[in-house]
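Input: a single structure, listed below in structure tokens.
No lab work stands behind these numbers, since they all come straight from the coordinates. Predicted model, so just to flag it, every value in this text is computed and none were measured. Here the Cβ is made from the backbone with ideal geometry for all residues, glycine too, and neighbour counts use every protein chain on show.
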Amino acid sequence: MRLESKWPAKIAWKCILLVLFTILYFSATAQTTGSANTGGTGWKRIAYVNGQVGRGFGTVSLYVTGGDYTPKMTTINWFHDWSTSAGITITSDSKHGNYWTACRITDDGTNSYLEVNFTTSISYLQLISDNYGWRPANLYTGTLPNGGGNIRASAEVARLNIEDHLVVANNGRIGIGTATPQAKLAVNGNILATEVKVKTDISVPDYVFEPDYELPPLSEIEAFVKEHKHLPEIPSATDIERDGLDLAEMNLQLLKKVEELTLHIIQLNKTNGELIERVQASETRIKDLENKKTK
């Protein structure tokens, strides 16, 4: 009888612990959802953090599911501290045209806000706020209020964007220090590396040393430099300011000029040697004549 009376109590405690664990788990992993109308285009607030200068961190996502709008989703990881410190990282796997182009964190000294720059008025915008964060953002519903206030962090919408410091665009381009990379890798700033190799299909100008290569005479180069103020085949300062500098092409063109210059030096050295020999021969003849006169 005593053994039988203990089992219901044990089962009850297990059930209570299971319920508590379930409540804690779902409260930690739950999400808050909502729907809103942008009420037009421009900067709109999608979420806010009340009080304590808007301190907190978390994740908010916005998306459209189809119908009048092609499905698109963007996820914002945000952080806001006591003062002006804030951070934002954006991810978006949607590759089609944008309904929104940028996100930012603002505050008014009391609250902080997540804002999105909409280029299309959306009547049925879906919002999700993950509750795993600390003081997670509250979602706006209904018509979204206009944005404004002190901008603490911002980022353009891309496949991945960390406050425009590192951007992985949906077209595969990577930007460092630029939100709009114009090449596979675009860096706005200095690059420090222990080694850089450039592979190119440009012909290496060793053909300059072939016997049939027509070496441009120095007189032509002099005339070209006087007229154009730069070497032949080398871009001008204006060209470089406008189009930038192609390191591979420039290095090979400079190599060509060095090789041509080397050939000119070799020719001048030969000519100089011949002149020295002629001078020495003339000096010898003069000495011989002087010696004959003194005898």
Checklist entry - So, counting K/R as plus one and D/E as minus one, what does the shell of residues with Cβ under 12 Å around G58 add up to? => result +1
Next on the checklist: Can you compute the charge dipole magnitude of the range 220-295 about its Cα centre, using +1 on each Lys and Arg Cβ and -1 on each Asp and Glu Cβ, nothing else charged? Give it in debye, rounded to the nearest 20.
Outcome noted: 940
Checklist entry - Contour minus end-to-end for M250 and E227, with contour as 0.36 nm per residue of separation and end-to-end as the Cα-Cα distance? => result 6.2 nm
Item to check | Positive minus negative residues near S203 (Lys, Arg vs Asp, Glu; Cβ under 14 Å) | outcome: -4
Checklist outcome for this item: antiparallel share of DSSP beta bridges within the chain, to nearest 5, in %, is 90
Checklist entry - Helix 2-29 sits at what angle to the longest principal axis of the chain, using alpha carbons and giving 0 to 90 degrees rounded to 10? => result 40
Checklist outcome for this item: In debye to the nearest 20, the charge dipole size for the range 171-272, taken about the Cα centre with +1 at each Lys and Arg Cβ and -1 at each Asp and Glu Cβ, equals 520
Item to check | Ordering of 278-291, 235-248, 72-85 by packing [mean C-beta count within 10 Å, highest first] | outcome: 72-85, 235-248, 278-291
Checklist entry - Cross-link partners among aspartates and glutamates for K256, C-alpha distance below 18 Å, same-chain residues fewer than 8 apart left out? => result D201, D206, E210, D212, E214, E220, E222, E233, D246
Next on the checklist: For Cα extents along the principal axes in Å, pick the label among [x] 71, 45, 35; [y] 73, 46, 31; [z] 150, 59, 39 that corresponds to the value derived from the coordinates.
Outcome noted: [z]
Checklist entry - What residue among G148, T178, N188 has its Cα farthest toward the positive end of the dipole of the range 145-224, where the charges are +1 on Lys, Arg and -1 on Asp, Glu, each on the Cβ? => result G148
Item to check | Dipole in debye (nearest 20) - the chain, about Cα centre, beta carbon charges: Lys, Arg +1; Asp, Glu -1 | outcome: 1640
